[in-house]
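Structure first, commentary second.
Any read-out appearing in this document is the output of simple, stated calculations on the displayed coordinates, not a laboratory observation. In this text the structure is predicted, and so the values were computed from the model without any measurement. Cβ coordinates were reconstructed from backbone atoms using ideal geometry, including for glycine residues, and neighbour counts include every protein chain displayed.
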Amino acid sequence: MRKVLLASTALVALGSVSAMAADISISGSSELVLDMGDSATADDSAFATEHDIAINFSQTSDSGITTKMTYGIDDDIGADDMQVSISGDFGTLSYTGGNDDHALTSMDNEASGTAEENVG
């Protein structure tokens, strides 16, 4: 009896994992940049590095509703780009945020929505 219970529990657990599958990708880039500077009196040339990481998530439910998330990380380990959206037959609702250098304006918030109207 105990072996049957464990086997059925394992099957249920595997079934729930496949039902919750989503598309997740993680990508990144690193650049070596030569900054020539603007000064006519001094040599302001310098090398710098820039690093970016992007995480993307997307999933469509059985009812046709799609959820997406994009999250970017910059050199300073801060959120660079962030977007969350939900879309379906009703249209798309999205929330977008970006990072600035100023503490009071660290999030430039933008919310938007689109909808298609079906005229019969």
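Full extension of the chain between residue 60 and residue 31 yields a length gain of 7.0 nm, computed as 0.36 nm times the residue separation minus the alpha carbon distance. Give me the net charge of residue 60's neighbourhood, meaning all other residues with Cβ under 14 Å from the Cβ of residue 60; Lys, Arg count +1, Asp, Glu -1. Result for the local shell: -2.
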